[in-house]
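See below for the structure under consideration.
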Amino acid sequence: MGVTAAIGIVCKAPKPGATKSRLAAAIGSVAAAQLSSCFLRDVASAIAAIPTHVGRSGYGVYAPAGAEEILRQLFPPSFGLLLQADADLGNVLFGATRDLLAVPHDCVLLVNGDSPTLPTAFLVQAIEALRKPGDRLVLGPASDGGYYLIGLKQAHRAVFRRIEWGTADVARSTLQRAREIALETTLLPEWYDVDDAEAFGWLRDELAGRLDRFQGGGPAAATRAFLATASESVQ
């Protein structure tokens with residue numbers, strides 16, 4: 001079969017009241033869960049659009065246990081599912097990297113499930129960077145100071161330690177951890193997560209062709225379809 005990159009979408013099963021709390025405060029818990037489902041479909045489509053010759057396999061890296069049926073309805077049949085239910089995000093990311101490399105895959109990309117317009121080209125760029133000689137890390141910085149993608153060829157626990165998750169320092173701290181272990185790093189272009197009302201506004205503007213900050217986004221077909229029929233409070 002040749003070498004394949006594992007691309008895992010780190011996600012929670014979309015359920016009202018348990019999904020995207022900051023966005024739910026603006027548009028309601030039911031709409032937030034429905035949008036989260038659309039986001040996961042669209043990120044999975046971005047992965048599926050990677051040319052076959054590149055070599056890639058998609059996964060849902062998910063919590064909680066028991067959510068498998070929900071996620072199988074959202075992801076393509078070819079996607080695998082990997083339960084990572086630890087409360088600490090660093091443990092989730094490290095565990096997923098370790099387990100997917102053991103499948104085996106030649107490299108692992110972990111992406112968030114909150115960027116429905118994530119360009120497929122960024123994923124291809126990350127894989128190509130990881131396949132260069134030598135150990136290395138790829139990071140896709142997010143507009144909020146976190147990251148939408150991290151890619152590794154080895155499971156380095158150090159890059160997930162001493163990180164204040166959920167803050168604007170996540171990407172900066174991760175780059176510092178990489179420097180501390182002399183891990184060469186490639187930065188992808190900035191993108192954004194749709195976690196709150198402001199980023200949701202960016203998404204609406206991007207889909208309408210009114211956003212200059214982020215260019216070349218993916219089609220986000222599921223998200224577009226949902227917003228086209230949603231109530232005015234969501235649109």
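Here, each number is a calculation from the coordinates, and none is a lab measurement. This one's a predicted model, so the numbers in the text were calculated from it and none came from an experiment. Because the Cβ atoms are built from the backbone with ideal geometry, glycine has one as well, and the counts that use them run over all protein chains shown.
Can we say Ala87 is surrounded by fewer than 18 Cβ atoms within 10 Å (Cβ to Cβ), under 14 Å from Lys12 (Cβ atoms), free of Cβ contacts under 8 Å to residues at least 12 places away in the same chain and hydrophobic (A, V, I, L, M, F, W, C)? Considered against the rule, which asks whether it is surrounded by fewer than 18 Cβ atoms within 10 Å (Cβ to Cβ), under 14 Å from Lys12 (Cβ atoms), free of Cβ contacts under 8 Å to residues at least 12 places away in the same chain and hydrophobic (A, V, I, L, M, F, W, C), Ala87 comes out as yes.
Here the condition is being surrounded by fewer than 16 Cβ atoms within 10 Å (Cβ to Cβ), under 17 Å from the mean Cα position of the chain (by Cα) and under 22 Å from Ser37 (Cα atoms); of Gly166, Gly145, Gly113, it holds for Gly166 alone.
With a requirement of 3 or more residues that are out of contact with any Ser or Thr (no Cβ under 7 Å at 6 or more places or on another chain) and small (Gly, Ala, Ser), the helices (runs of 4 or more DSSP H) lying completely within segment 1-92 that satisfy it span 21-27, 29-48.
Against the list (1) surrounded by 14 or more Cβ atoms within 10 Å (Cβ to Cβ); (2) under 23 Å from Val61 (Cβ atoms), the condition Glu206 fails is (2). Considering only segment 183-194, I want to know if a residue exists there that is hydrophobic (A, V, I, L, M, F, W, C), in contact with a helix residue (DSSP H, G or I) (Cβ under 9 Å, 6 or more places away or on another chain) and surrounded by fewer than 14 Cβ atoms within 10 Å (Cβ to Cβ). The answer is no; no qualifying residue exists.
Can you work out which of the residues in segment 96-126 that are of a type in the set (Val, Ile, Thr) and not in a helix (DSSP H, G or I) is farthest from Ile50 (Cα to Cα)? Of everything passing the filter in segment 96-126, Val103 is farthest from Ile50 (Cα to Cα).
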